[in-house]
1. Take the range 136-151 and flag every residue that is among the hydroxyl-bearing types (Ser, Thr, Tyr) and surrounded by fewer than 17 Cβ atoms within 10 Å (Cβ to Cβ).
2. Look through 95, 80, 105 and report the one residue that is outside any helix (DSSP H, G or I) and among the aliphatic types (A, V, I, L, M).
3. Could you list all residues from the range 175-201 that are charged (D, E, K, R), in contact (Cβ under 8 Å) with a residue 40 or more places away in the chain and not in a strand (DSSP E or B)?
4. Kindly check whether there is at least one residue in the range 38-45 that is closer than 30 Å to residue 102 by Cβ, touching a strand residue (DSSP E or B) at 6+ places or on another chain (Cβ under 6 Å) and in the same structural domain as residue 126 (by TED's automatic domain parsing).
5. So, residue 255, is that one exposed (fewer than 12 other Cβ atoms within 10 Å of the Cβ) and either closer than 22 Å to residue 44 by Cα or in contact with a helix residue (DSSP H, G or I) (Cβ under 6 Å, 6 or more places away or on another chain) (or both) or not?
6. Taking the range 52-101 as the region of interest, how many residues are within 19 Å of the chain's Cα centre (by Cα) and of a type in the set (Phe, Trp, Tyr)?
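The values are calculated or read from the model by the stated rules, or taken from the named source; none is laboratory data. In this text, all values refer to a predicted model and were calculated from it rather than measured experimentally. Methodologically, a virtual Cβ is constructed for each residue, glycine included, from the backbone with ideal geometry; neighbour enumeration extends over all protein chains shown.
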Amino acid sequence: MAILERNDTDAITHLTLNMPNRLNALSDEMLAALKSELDALKDDRSVRAVILSGAGNAFCAGHDLKQMTQGRQAEDGGQAYFRDLFRRCTEVMLAIPALPQPVIAQVHGIATAAGCQLVASCDMAIAAEDTKFGVNGVNIGLFCSTPMVALSRNIPRKKAFEMLTTGKFIPASEAEALGLINRTVPAAELSAETRRVAETVASKLGAAVKIGKQAFYEQLQMPVDEAYYYTGDVMVENMLYRDTEEGISAFIEKRDPNWTQ
């Protein structure tokens, strides 16, 4: 049984964290599997959208604490292992926005600590109404400093700080209101709704979504004037695509576009 299952249908890849007995923790093995699949997707033009979900009763409960405890047995008390672990986790989180395809988190049960970070790192997220979110490491004496990076870039800073320092969980409805997730749905509709969003994304011109996603994250780091000049250049490049010319012509002529990509 693979710890990370991949299913491809109709230009959509569905990745499922498959360690339900450990609440899909981001173990060394899970991080390696995720990095491998994300690297493979990077150059796969047949895939236009990615869904990320968890098997069993949870989306992801964060790092594997038992494995981290084992890392302490080294002569340095685990310093080298922990440094490497958080570096590898960072590489996975950064690989998601760097993918050309939009990644949609399909969240249920709980998304805690690095699991909440994983949701925040995805481009979009749909959650079941009874899902709980938290960066609760502080409850065991470990401040969620790396999850804080993605969280504080998704929700207002004062709310992020409150979650980080109190360790309290928030319900899916609050996560939606704060902007951590796109929407909530009844649990029975979660899979279908996430698939619907993925299918909508996958129906668009892949080259346009790719250049647009890259520009979206690049411009966020720029002053507003620089962002406008940069995105203007991106739109010029996009306008020169043959398929974009075809898409505009099809709209004017009131017909479906005949895209090649």
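1. Answer for the range 136-151, where residues must be among the hydroxyl-bearing types (Ser, Thr, Tyr) and surrounded by fewer than 17 Cβ atoms within 10 Å (Cβ to Cβ): just 145.
2. 105
3. 176, 193, 195, 199
4. Filtering the range 38-45 down to residues closer than 30 Å to residue 102 by Cβ leaves 38-45.
Filter again for touching a strand residue (DSSP E or B) at 6+ places or on another chain (Cβ under 6 Å), leaving none.
No, there is no match, as no residue in the range 38-45 is closer than 30 Å to residue 102 by Cβ, touching a strand residue (DSSP E or B) at 6+ places or on another chain (Cβ under 6 Å) and in the same structural domain as residue 126 (by TED's automatic domain parsing).
5. On the way: exposed (fewer than 12 other Cβ atoms within 10 Å of the Cβ): yes; either closer than 22 Å to residue 44 by Cα or in contact with a helix residue (DSSP H, G or I) (Cβ under 6 Å, 6 or more places away or on another chain) (or both): no.
It is false that residue 255 is exposed (fewer than 12 other Cβ atoms within 10 Å of the Cβ) and either closer than 22 Å to residue 44 by Cα or in contact with a helix residue (DSSP H, G or I) (Cβ under 6 Å, 6 or more places away or on another chain) (or both).
6. Residues that pass the stated criteria total 2.
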